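To start, the structure under review is shown below, and the notes come after it.
Read the figures in this text as sums done on the coordinates, not as results from a lab. Keep in mind the model is a prediction, meaning the values are calculated, not measured. Cβ placement follows ideal geometry from the backbone for every residue including glycine, while neighbour counts extend to all protein chains displayed.
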Amino acid sequence: MQQYIIGNWKMNGTKAEAQKLATGFLNRIQEATRPLPHIVLCPSYPYLTSVIEILKHSPIDVGAQDCHPEKSGAFTGDVSAAQLLDVGCKYVIIGHSERRRYHHEGSAIIRRKIESAIKIGLRPILCIGENAEEHKTGRTLHIVSQQLASDLPSDQKPHEFLVAYEPLWAIGSGQTPSLKEVEEIMGLMKYELSTRLLGGALIPTLYGGSVTAENAADILNLPHVDGLLVGGASLKLDEFWEVINASER
Ligand code: PGA
């Protein structure tokens with residue numbers, strides 16, 4: 001499977017910075033001499049159209065960081081999957097731990113968002129993962145399997161979405177689970193997905209949380225890791241390019 005390297009820019013930067021980064025990646029892609037992974041950049045809403053315009057003839061896709069489950073209506077401040085598709089997005093991150101934490105999003109709304117994105121033709125990237133306490137008390141596998149059961153709609157097709165394992169305590173902290181832990185959890189995710197859905201083993205499973213140019217290759221080389229979801233390091237052109245180049249497939 002071709003690997004995925006996804007950059008989550010979160011609520012960072014200015015329009016000029018987003019344009020500069022997108023142009024920088026475009027130039028690197030044009031000069032690349034080796035096959036590249038799927039690359040997806042996820043800027044904040046106001047910069048989506050500028051970034052999409054810059055990357056429109058390139059293999060880099062653009063995604064959003066969230067969407068509302070309804071197609072349209074009186075939902076002040078929200079953006080629907082249909083609107084994201086309309087401006088040229090291909091992907092949307094759903095259930096990121098920062099949405100769960102600061103916007104109190106739970107499984108019911110996350111499932112509806114996934115359904116609405118898939119229905120309209122966007123590919124959701126579902127984020128799951130345990131918090132520090134759950135990690136410390138050895139409940140990671142249980143939490144991950146529980147989240148897969150509660151957050152994923154049951155009747156989806158494997159090519160329609162991706163799942164990212166992002167331990168909450170690893171996000172933005174500089175800490176990561178050991179390679180052995182990542183391998184074990186990603187193996188469990190593949191197993192759960194393949195028992196839940198026909199062809200579920202084909203669903204790309206990504207790791208996210210303090211990915212850097214230093215640790216990317218080791219993580220990408222683990223079995224069952226089909227890509228990376230990268231926050232902080234995706235805002236740095238040189239470092240993210242190194243992460244992209246750490247991918248082998
Ligand atoms: P980080 O963020 O790479 O900065 O830890 C990852 C994420 O939140 O998706």
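If the chain linking N131 and M1 were pulled fully straight, counting 0.36 nm for each residue of separation and taking away their Cα-Cα distance, it would gain 43.9 nm. Maximal additional length on extending the R34-F75 stretch stands at 10.3 nm, based on 0.36 nm per residue less the C-alpha distance.
Dividing the summed helix terms, -39500 (n - 2.57) for each DSSP H run of n ≥ 4, by the number of residues in the chain produces a 222 nm estimate of -12000 deg cm²/dmol to the nearest 500. Using C-alpha pairs under 8 Å with a sequence gap of at least 6, the mean separation divided by the residue count of the chain gives a relative contact order of 21 percent. Extension gain for L237-R139 works out to 31.7 nm (0.36 nm per residue, less the C-alpha to C-alpha distance).
Highest average first, the peptides 76-85, 11-20, 228-237 ordered by how many other beta carbon atoms sit within 10 Å of their residues are 228-237, 76-85, 11-20.
Taking a straight Cα-Cα cut-off under 18 Å and skipping sequence neighbours fewer than 8 places away in the same chain, the lysines within cross-link reach of K56 are K15, K20, K90.
Between L198, L162, L21, the Gaussian network model of the chain with springs among Cα atoms under 10 angstrom shows the greatest mean-square fluctuation at L198. Straight-line reach from K10: taking Cα to Cα under 18 Å and skipping same-chain neighbours fewer than 8 places apart, the aspartates and glutamates in range are D61, D66, D78, E98, E105, E166, E239. Here's the list of lysines a cross-link from K136 could span, going by alpha-carbon distance under 25 Å and ignoring same-chain residues fewer than 8 apart: K180, K190. Rounded to the nearest 20, the Cβ-based charge dipole of region 1-87 about its Cα centre (Lys and Arg +1, Asp and Glu -1) stands at 280 debye.
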